[in-house]
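Reading through the structure tokens given below for one structure.
Bear in mind these aren't lab numbers, they're just calculated from the coordinates by the rules spelled out. Only a predicted model underlies this, so the values are computations on that prediction, with no experimental measurement involved. In this analysis, Cβ positions are derived from the backbone assuming ideal geometry, glycine residues included, and neighbour counts consider all displayed protein chains.
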Amino acid sequence: MDKDIQSALKVLQQGGTILYPTDTIWGIGCDATNEKAVERVYEIKKSGDKEGMLVLLDSLDRLERYAEVPDIAGELIEAAVNSLTIIYPGARNLASSLFGGDGSVGIRIVKDNFCKKLIQQYKRPVVSTSANISGTPAPRTYAEISKEIINSVDYVVSYRQDDLTKAKPSGIIKLGLNGEVRVIRE
């Protein structure tokens, strides 16, 4: 795992893209603050409509640097049994192409060891989007990822490639500044 983290860090620092296991499904990632790297991920996914990509962080402490955080957010994150992505208002300090039309951004605080170590050592948020071409099913194991995706990224993490557990995407909720909560995906 540590060798993969070091190799992924080098690629991220150079503005490259990675294919990596997240706390949910395998994802395509890059530096979430690097506009060119984010655009490259959209190209890999063949996503002309700039569908939303989310951002992974390693701790709740860093969240306010990247979005407006309603008071209820911490409680929801702590109470979540499964992985939870929250769409926050007031996105900032990230590549602007990650922002929703309303200025929001989806962020997930990871509990997974690999992702947590990667982000802690990188000291920046990392993009995560499903490892598939837009409009095709999201792969639930590494074996389901298309060769086209694998060949398009700059680095493919070896860690957990042999894990056959069928992963599922995170739940998604959207928070408003006044504490409004809207469930997007359970």
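Remarks
- Charge sum, other residues only, whose C-beta stays under 10 Å from Leu57's C-beta, Lys/Arg counted +1 and Asp/Glu -1: +3
- Inter-site label distance for Asn113 and Lys3 at 7 Å from Cα along Cβ, in nm: 1.7
- Size descriptors for the chain: radius of gyration and Dmax over Cα atoms are 15.2, 45 Å.
- Under the combined filter of DSSP loop state and at most 11 neighbouring Cβ atoms within 10 Å, the range 123-159 retains these trypsin sites (Lys or Arg not before Pro): Lys123.
- The chain, relative contact order [Cα under 8 Å, separation at least 6], %: 32
- Calculated [θ] (222 nm, deg cm²/dmol) that DSSP helices of n ≥ 4 give over the chain, each run adding -39,500 (n - 2.57): -7500 deg cm²/dmol
- For Asn178 and Leu60, the difference between the fully extended length at 0.36 nm per residue and the C-alpha to C-alpha distance is 40.5 nm.
- The GluC sites (Glu not before Pro) of the range 1-91 that meet both conditions, a loop assignment by DSSP and at most 15 other Cβ atoms within 10 Å of the site Cβ, are Glu51.
- Taking the range 2-185 as the region of interest, the number of lysine pairs whose Cα atoms are within less than 21 Å, with members eight or more places apart or on different chains, is 24.
- Local electrostatic count at Leu175 - Lys and Arg +1, Asp and Glu -1, tallied over other residues with Cβ under 14 Å: -3
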